[in-house]
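Working notes for the structure below.
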Amino acid sequence: MSIPNAETGPAAESRRASTDLASGNTGAAEPAATRGRTSIADVVVVKVAGTAAREIPGVHAMGGGLSRTIGAVRDRVPGGGSNVGRGVKVEVGEKQTAIDLALVVEYGVPIGEVARDVRENVIHAVERITGLEVVEVNIAVDDVHLPDDDEPEPESTPRVA
């Protein structure tokens with residue numbers, strides 16, 4: 001995934017943790033709204049995109065198999081909390097961002113429609129909340145959740161008495 005006109009190299013790597021959204025001016029003569037600058041951490045984009053993707057009906061979970069397994073264990077540990085960023089990767093430039101999502105969809109839902117709805121919701125949420133332009137949202141459907149996946153295993157009966 002690449003962002004057009006994005007910086008590369010060591011200087012860009014050191015800024016990956018947060019991105020300047022707006023450079024401000026200094027001095028008492030400047031309007032209050034323009035004094036200082038605003039920066040947005042990558043984790044903010046991850047959380048906004050993850051939350052927006054989960055809002056769409058038909059999305060059962062996010063992340064690949066190992067990620068979901070580790071996340072399920074972490075969710076059950078007291079104080080572990082859930083990870084809204086599971087299944088979300090972002091690349092943030094100075095004014096743009098690109099997002100990769102890994103989804104698990106419910107069985108029977110039209111995958112193309114769910115992907116379209118997720119893409120639209122994520123773009124709208126990220127652009128509205130962060131002010132960054134979303135140049136692409138790539139979606140990988142890693143699994144389908146079957147209705148009987150949540151049912152407990154039936155009690156096994158011994159074959160011999």
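The values are calculated or read from the model by the stated rules, or taken from the named source; none is laboratory data. Everything numeric in this text was worked out from a predicted model, so none of it was measured. Please note: Cβ atoms are built from the backbone with ideal geometry, for glycine as well, and neighbour counts cover all protein chains shown.
Figures for the structure shown
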quantity	calculated
Failed item, numbered, when I3 is tested on (1) modelled with pLDDT of 65 or more; (2) of a type in the set (V, I, T); (3) more than 15 Å from the chain's Cα centre (by Cα)	(1)
Some residue of the stretch 69-85 being modelled with pLDDT under 95, among the β-branched types (V, I, T) and within 23 Å of E136 (Cα to Cα)	yes
Boolean, G85 is out of contact with any Phe, Trp or Tyr (no Cβ under 7 Å at 6 or more places or on another chain) and touching a residue at least 60 places away in the same chain (Cβ under 8 Å)	no
